[in-house]
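The next block holds one structure in the form of structure tokens; read it before the comments.
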Amino acid sequence: MNISPSIPGRDLALRGPGVAARRPYRKFLLAFSLVEVLAAVALIGIITFLALPNIVRIKTDSEISLAISRAEALNLAMASYVQAHGQASATASWTAAADDDARYALLAPYLAYAPSTFAAYMPGGYRVTLPTSLVPLSKVSLATDPGGTSIAY
């Protein structure tokens, strides 16, 4: 077996004419063209356009879930308040409270998350009305703020 040393230019001659002339421009073939970049940006835009309504719906659903869970926390706090103070004492102090802010102040020690004001407790766009009496013990009413439509939970 005869192994001959490589001759410069021999490989280029075997590949055909014009290969040696195109070789210096090979570094430009490693980048993306403008059309490829624009196509990628257009695809990302289309995917974003299709996903945006789902993202908005998920945000709305999570706000409703937060409002419902906060209303349920108020219900549990009312039950805990009655158990801790006894029905007669709790009912007397509850009816003596003038408004929802005063009633919220009675329930705040029984809530895990209790900001200083009742308005800050509920997420924006939702409102809760505490019952005026603890006898019989009833759930708080939950409604949307602008329209006032009641939310059953």
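The values are calculated or read from the model by the stated rules, or taken from the named source; none is laboratory data. It should be emphasised that the depicted structure is a prediction, and the values quoted were computed from it without experimental measurement. As a convention, Cβ positions derive from the backbone with ideal geometry for all residues, glycine included, and neighbour counts pool all protein chains shown.
Can LEU43 be described as surrounded by 11 or more Cβ atoms within 10 Å (Cβ to Cβ), among the hydrophobic types (A, V, I, L, M, F, W, C), modelled with pLDDT of 95 or more and more than 21 Å from ALA143 (Cβ to Cβ)? Considered against the rule, which asks whether it is surrounded by 11 or more Cβ atoms within 10 Å (Cβ to Cβ), among the hydrophobic types (A, V, I, L, M, F, W, C), modelled with pLDDT of 95 or more and more than 21 Å from ALA143 (Cβ to Cβ), LEU43 comes out as no. Restricting the first member to the stretch 52-81 and to residues that are in contact (Cβ under 8 Å) with a residue 24 or more places away in the chain, and the second to residues that are of a type in the set (Lys, Arg), the beta-carbon pairs closer than 8 Å and six or more apart or on different chains are ALA71/LYS139; ASN75/LYS139.
Restricting to the stretch 66-110, what's the tally of residues that are of a type in the set (Ser, Thr, Tyr) and within 28 Å of the chain's Cα centre (by Cα)? Number of matching residues: 3. Scanning the stretch 126-153 for residues that are assigned to a loop (DSSP other than H, G, I, E, B) and either at pLDDT 90 or above or within 19 Å of SER93 (Cα to Cα) (or both) yields a total of 15. Among the residues of the stretch 112-125, just one is free of Cβ contacts under 8 Å to residues at least 12 places away in the same chain and either among the charged types (D, E, K, R) or under 20 Å from ALA90 (Cα atoms) (or both), namely ALA114. Residues in the stretch 85-98 that are under 19 Å from LYS139 (Cβ atoms) and either without any contact (Cβ under 8 Å) to a residue 24 or more places away in the chain or exposed (fewer than 12 other Cβ atoms within 10 Å of the Cβ) (or both): ALA97 alone. Any residue in the stretch 55-69 that is touching a Leu at 6+ places or on another chain (Cβ under 8 Å), modelled with pLDDT of 90 or more and surrounded by 11 or more Cβ atoms within 10 Å (Cβ to Cβ)? For the stretch 55-69, residues touching a Leu at 6+ places or on another chain (Cβ under 8 Å), modelled with pLDDT of 90 or more and surrounded by 11 or more Cβ atoms within 10 Å (Cβ to Cβ): present.
If only residues of the stretch 106-122 that are among the aromatic types (Phe, Trp, Tyr) and surrounded by 12 or more Cβ atoms within 10 Å (Cβ to Cβ) are counted, the one that is modelled with the highest pLDDT is TYR110.
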